[in-house]
Amino acid sequence: MNHYKQINSPVGLLKLIASEDGLSAVLWENEKSGRVKIDPGMEDISNPVLLETEKQLGEYFEKKRTKFDLPLDFIGTEFQKKVWETLLTIPFGETRTYGDIARHLGDIKAVRAVGAANGKNPISIIALCHRVIGVSGKLTGFAGGLPNKAFLLRLENSGRTPTLWD
């Protein structure tokens, strides 16, 4: 049985969802219907995983945390899980391209599949899909919206000031 908690953040209202095995989703306020197919379950504002997630996200937004330490329960295909696990390896303040991730997975031809998996990432912010950009350096699709992607990259001081109009 899943449990959820909603929290306010600098990037809007977030819905945190935890399973028995860990955090399974961080969803956006204006989440596109069907992007992530996870039953939120019952509201539980005292769930330990959700409380710890809220605490760590707060520290991240206050620039007091550069790495998350949470049990994660990715729900997706094996390929999606490989992509999402790779996202976790992108260092704070750095970005990667879809091609970089495909190369890391050993199949440069999988760039589009990597992009599709990245777009279905259920654990936004924590599984660092906002750190994936286009090969030209432009900001590309993001479930939370490009303004939020730019905000997160600026928060991390990624060495450049991303804009939506690059």
* Asked: Mind checking which residues of region 7-33 are more than 11 Å from Thr53 (Cα to Cα) and in contact with a Lys or Arg (Cβ under 7 Å, 6 or more places away or on another chain)?
  -> Leu27
* Structure fact -> Going through region 1-50 in order, the residues found to be free of Cβ contacts under 8 Å to residues at least 60 places away in the same chain, more than 22 Å from Lys81 (Cβ to Cβ), open to solvent by 60 Å² or more (accessible area, probe 1.4 Å) and part of a loop (DSSP other than H, G, I, E, B) are Asn8, Glu29, Ser33, Ile45, Ser46
* Just checking, how many residues over region 7-31 are among the polar types (S, T, N, Q) and within 23 Å of Leu146 (Cβ to Cβ)? -> 3
* To do: Output the helices (runs of 4 or more DSSP H) that fall wholly within region 75-166 and possess 2 or more residues being under 21 Å from Leu57 (Cα atoms), or say none.
  => 78-87, 111-119, 146-155
* To do: Return yes or no: is Pro91 under 14 Å from the mean Cα position of the chain (by Cα), surrounded by fewer than 19 Cβ atoms within 10 Å (Cβ to Cβ) and closer than 25 Å to Gly137 by Cβ?
  => yes
* To do: Answer yes or no as to whether Ile101 is over 14 Å from the mean Cα position of the chain (by Cα) and of a type in the set (A, V, I, L, M, F, W, C).
  => yes
* Asked: When residues of region 53-70 are filtered for being closer than 11 Å to Ile123 by Cβ and part of a loop (DSSP other than H, G, I, E, B), how many remain?
  -> 2
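The values are calculated or read from the model by the stated rules, or taken from the named source; none is laboratory data. This one's a predicted model, so the numbers in the text were calculated from it and none came from an experiment. All Cβ positions, glycine included, derive from the backbone under ideal geometry; neighbour counts span all protein chains shown. Protein only, heavy atoms only, side chains kept; ligands, DNA and RNA dropped before computing areas. Shrake-Rupley method; radii C 1.70, N 1.55, O 1.52, S 1.80 Å.
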